[in-house]
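One structure coming up, written as structure tokens, with questions to follow.
Each value in this text was obtained by applying a stated rule to the coordinates, not by laboratory testing. Bear in mind that the values here come from a model prediction, so they are computed numbers and not experimental data. Note that we place each Cβ from the backbone using ideal geometry, even for glycine, and neighbour counts take in every protein chain shown.
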Amino acid sequence: MPRFKEHNQGQTVLLPVSFDRQILPGTFEHTLNYLVDEMLDLTIFHHKYSNEETGRPAYDPALLLKIVVLAYSRGVTSSRKIEALCCENVLFMALSVDTRPHFTTIADFISSSSNEIAKLFKQVLLICDEMGLIGKEMFAIDGCKLPSNASKEWSGTKQNLRKKSKKIDRAVRHMLAKHRDEDRKGENDISIRKREVQQIETLLKASDKIDRFLKENDERIGRAGKEVQSNITDNESAKMKTSKGVIQGYVGVAAVDSKHQVVVSAEAYGQGQEHGLLEPMIEQIEEAFKEDEQSPLKDGKVLADSGFCNEATLEHLEEEQIDGYIADHGFRSRDPRFKTAGEHKPETPRKTSSKSRFNVEDFSVDIEKQRCVCPAGKEFWLKCAKAKINRTLFMQFQGHKEDCDHCTERGKCLRSVKQKGARQVNVKIGSIAQEKTGPLERMKQKIDSSLGRHIYSMRLGIVEPVFGHITDAIGIKRFTLRGKQKVNGQWQLMNMLHNLTKIHRFGMAT
Ligand code: SF4
């Protein structure tokens, strides 16, 4: 029989813990503790309390801030998990001085402090500046799309949502009819019936939720002035495409300084497109350094990818005399270095369609006589002699409804056999020469120069590692709050954390 060391689960051990000694110099928590206690002005939180004379003493915002930032630095954003850490982890106990705040206190502190976090972000930025971590020579701006605390299944235009609600009501009616039928025949199984009754309750709640939303909210209008999809859970978030699929979320935009990759401005937006987001970032950079003798953008450079490129933004850069390097969508196709890029891409299988639709070549067209005859020999009527679509001019012909309605070639000609109306054909007759003098042309010439390409190539190495640090190294992959203001606070908190790691890594050493 082997022998083991003796042990007794019921024994008692007294462990003397000095909270001070748990926070070891040289660690991130030491830097955090020092900055919060000695350098940050936390009186900005005082207006939130009114217990000077009556009421319980509140948790010190300094302690809450320390544990929240430390938890975020370890990828923990759940307030319940932060509460658990404060009870189980000696480091969190030391930073919170064993006060053990309840998770509701922590959640409320994070979600209600968006304005205060914005002020803290600026204070941390000033500390970075004082420590010489910001070069102010080059700023790269980009966006990082993260999912929010809302499901994309609850998104849609008002019409889509109305349909969804009706579909749910239909499902409920169907189940109720089934129950009545079963009751008549005496075939009801109690366990199945119980589950289905629960399902009906859930469906009715969902339908009520949609109806209430439709009653209380107007159509959501996008930047282009058209209706965009609303979301029942968080109507300020947006459905957006990412490389990992479609998500419901926000795009966190950040402007990053090139010297030590310090984030100088950060804001979250509930829109998939980044068009028009460069201007507010530029304003924020100027605001952040307004105390400087001259704006850093006077001599500094601004880099951004093609998502930010549009005429209005480029005009703004020219008006403000900012040295911008904004790539357009055709930037890579003009760059000889990317000439063979397509060769290394895996081939995507092309969709083969059994139905090949007649295209313009299948129609006999006489531009001079303005005549068009379809493959079935039917004469079209001239809809428009010169229609402009983008920068191309077309002559538009349309078939007669009575011809197309009874045509045997409908399946080959129209988009779908169910399509109502007649076929339309657009015949290209010319294109409008692109103006070679606009801001877009000037930007193309600038960015296609060897210096332009060299400067623009730095963008990737400045801003992308910041997003990589937040989402992969730290591990925060989603927003946990709802509503633009709260999500914006969380995004600024993440970026402030990134800047604190820079102070810890480079600033404290200096
Ligand atoms: S569907 Fe209309 S346009 Fe097409 S082939 Fe038939 S008649 Fe011609």
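Once all Cα-Cα distances of the range 360-422 are split into 5 Å bins that start at 0, what whole-number percent is in each one?
Calculated over all Cα pairs of the range 360-422, the distribution is 4, 16, 27, 23, 17, 10, 2, 0 percent.
With viscosity set to 1.306 mPa s and temperature to 10 °C, compute the Stokes-Einstein D of the chain, Rh being the Kirkwood radius across alpha carbon pairs; µm²/s, no decimals. List each step's numbers first, then the result.
Numbers: Rh = 28.5 Å.
Rounded, D is 56 µm²/s.
While we're here: What residue among MET443, GLY245, ILE455 has its Cα farthest toward the positive end of the dipole of the chain, where the charges are +1 on Lys, Arg and -1 on Asp, Glu, each on the Cβ?
Of MET443, GLY245, ILE455, it is GLY245.
Taking 0.36 nm per residue of separation and subtracting the Cα-Cα distance, what length does fully extending GLN424 through LYS5 add? List each step's numbers first, then the result.
Working: separation 419, 0.36 × 419 = 150.84 nm, distance 8.86 nm.
Length gained between GLN424 and LYS5: 142.0 nm.
Let me ask another. Assign one of three labels to the range 232-363, namely rounded, prolate or oblate, based on the Cα gyration tensor with a ≥ b ≥ c the square roots of its eigenvalues; rounded applies when a/c is under 1.5, prolate when it is not and a/b is larger than b/c, and oblate otherwise. Could the numbers behind the result be given before it?
On the way: a/c = 2.32, a/b = 1.71, b/c = 1.36.
Prolate, because a/c is 1.5 or more and a/b exceeds b/c.
Assuming R0 = 51 Å, can you tell me the calculated FRET efficiency for the pair ASP41 and SER333, based on Cβ-Cβ distance, to the nearest 0.05? Before the final figure, lay out each step's value.
Values: r = 51 Å, r/R0 = 1.00.
So, using R0 = 51 Å, E works out to roughly 0.50.
For every helix of n ≥ 4 consecutive DSSP H residues, a contribution of -39,500 (n - 2.57) applies; sum these over the chain, divide by its total residues, and give [θ] at 222 nm rounded to the nearest 500 deg cm²/dmol.
On the way: 19 runs with 204 residues, N = 510.
-12000 deg cm²/dmol, from helical runs alone.
Run the quick spin-label model on THR99 and ILE190: label points 7 Å from Cα toward the beta carbon, then report their separation in nm to one decimal.
Reported label-point gap for THR99 and ILE190 is 5.4 nm.
In whole Hz and in residue order, list the ³J(HN,Hα) couplings for the range 449-456 that follow from phi through the Karplus curve 6.51 cos²θ - 1.76 cosθ + 1.60, θ = phi - 60°; x for Gly and Pro.
Karplus values, whole Hz, x for Gly and Pro: 6, 5, 5, x, 5, 5, 5, 5.
Separation between the GLN445 and GLU130 pseudo-spin-labels, each 7 Å from Cα along Cα→Cβ, expressed in nm?
4.7
I've got another one for you. Just to check I understand the Karplus step: with θ = phi - 60° and J = 6.51 cos²θ - 1.76 cosθ + 1.60, what whole-Hz values come out for the range 319-335, glycine and proline as x?
4, 7, 6, 9, 7, x, 10, 10, 6, 9, 5, x, 4, 5, 5, 8, 8
A further question follows. Which ordering of MET1, MET494, MET39, MET131 is given by a fewest-first count of other beta-carbon atoms within 10 Å?
On the way: MET1 3, MET494 27, MET39 13, MET131 17.
Ordered from fewest to most neighbouring Cβ atoms within 10 Å, MET1, MET494, MET39, MET131 come out as MET1, MET39, MET131, MET494.
What does the extension gain come out to for ASP405 and GLU319, with contour length at 0.36 nm per residue minus their alpha carbon separation? Could you put the intermediate results ahead of the total?
Values: separation 86, 0.36 × 86 = 30.96 nm, distance 5.58 nm.
Extra length available between ASP405 and GLU319 comes to 25.4 nm.
Quick one: which residues, 5+ away or cross-chain, put their amide H under 5 Å from the amide H of LYS383? H built at 1.01 Å from N.
Amide H neighbours of LYS383, under 5 Å, 5+ apart: GLN396, PHE397, GLN398.
Another one. Could you give the angle, 0 to 90 degrees to the nearest 10, between helix 61-73's Cα long axis and the longest principal axis of the Cα atoms of the chain?
Roughly 60 degrees between the two axes.
So how far apart, in nm, are the two label points at VAL417 and GLU291 if each is 7 Å from Cα heading toward Cβ?
Taking the two extended label points, one gets 7.4 nm.
Please state the charge dipole magnitude for the range 158-218, taken about the Cα centre, from unit charges on C-beta atoms (+1 on K and R, -1 on D and E), reported in debye and rounded to the nearest 20. Don't skip to the answer; put the middle values down first.
Values: 19 positive and 12 negative charges, 62 e Å.
About 300 debye.
Express in nm, to one decimal, how much length is gained between LEU214 and GLU153 on full extension, taking 0.36 nm for each residue of separation and deducting their alpha carbon distance. Before the final figure, lay out each step's value.
Working: separation 61, 0.36 × 61 = 21.96 nm, distance 1.57 nm.
In short, 20.4 nm is gained.
Okay, next question. Sorted by average packing, counted as other Cβ atoms within 10 angstrom per residue and highest first, what order do 378-391, 315-328 take?
Details: 378-391: 12.6, 315-328: 17.8.
Highest mean packing first, the order is 315-328, 378-391.
Using the Cα centre of the chain as the reference point, and only Cβ charges (+1 on K/R, -1 on D/E), how large is the resulting charge dipole? Debye, rounded to the nearest 20. Mind showing how you got there, number by number?
Numbers: 81 positive and 71 negative charges, 709 e Å.
So the dipole magnitude of the chain works out to roughly 3400 debye.
Considering only SER151, LEU70, VAL487, whose Cα is most displaced toward the positive end of the charge dipole of the chain, charges sitting on Cβ of Lys, Arg (+1) and Asp, Glu (-1)?
Projecting each Cα onto the dipole axis, the largest value belongs to SER151.
Mind checking which of ASN217, ILE192, ALA171 is farthest towards the positive end of the range 158-218's charge dipole, using Cβ charges of +1 (Lys, Arg) and -1 (Asp, Glu) about the Cα centre?
ASN217
I would also like to ask the following. Only sites in a loop by DSSP and with at most 10 other Cβ atoms within 10 Å count here; which GluC sites (Glu not before Pro) in the range 249-303 make the cut?
Values: sites: GLU267, GLU274, GLU283, GLU286, GLU287, GLU291, GLU293; in loops: GLU274, GLU291, GLU293.
Here the sparse-neighbourhood loop sites are GLU291, GLU293.
Now for a separate question. Only counting other Cβ atoms within 10 Å, I'd like TYR49, TYR250, TYR456, TYR59 sorted with the fewest neighbours first.
Working: TYR49 11, TYR250 32, TYR456 22, TYR59 17.
Ordered from fewest to most neighbouring Cβ atoms within 10 Å, TYR49, TYR250, TYR456, TYR59 come out as TYR49, TYR59, TYR456, TYR250.
For the range 460-495 and the range 1-66, what is the separation of their Cα centres, given in Å?
The two parts, judged by their Cα centres, are 25 Å apart.
May I ask you to list the residues of the range 402-425 whose amide nitrogen lies under 20 Å from a point 7 Å from Cα along the Cα→beta-carbon direction of LEU382?
Within reach of a label on LEU382, which here means backbone N under 20 Å from a point 7 Å along Cα→Cβ, the range 402-425 contributes 423-425.
Further, regarding this structure: How large is the dipole of the range 360-422 about the Cα centre if only Lys and Arg carry +1 and Asp and Glu carry -1, each at its Cβ, rounded to the nearest 20 debye?
On the way: 13 positive and 9 negative charges, 84 e Å.
Rounded to the nearest 20 debye, it is 400 debye.
Further, regarding this structure: Along its three principal axes, how long is the range 451-492 when you only count alpha carbons? Whole Å, largest extent first please.
Projected onto its principal axes, the Cα set of the range 451-492 covers 43, 22, 11 Å.
At 0.692 mPa s and 37 °C, plugging the Kirkwood radius over alpha-carbon pairs of the range 248-301 into Stokes-Einstein gives what diffusion coefficient in µm²/s?
Details: Rh = 12.2 Å.
Calculated translational D: 269 µm²/s.
Follow-up question, since we're still on this one. In whole Hz and in residue order, list the ³J(HN,Hα) couplings for the range 299-307 that follow from phi through the Karplus curve 6.51 cos²θ - 1.76 cosθ + 1.60, θ = phi - 60°; x for Gly and Pro.
Running phi through 6.51 cos²θ - 1.76 cosθ + 1.60 with θ = phi - 60° gives 10, x, 10, 10, 10, 7, 8, 5, x Hz.
In the range 18-126, what GluC sites (Glu not before Pro) fall in a loop by DSSP, with at most 15 other Cβ atoms inside 10 Å?
GLU52, GLU53
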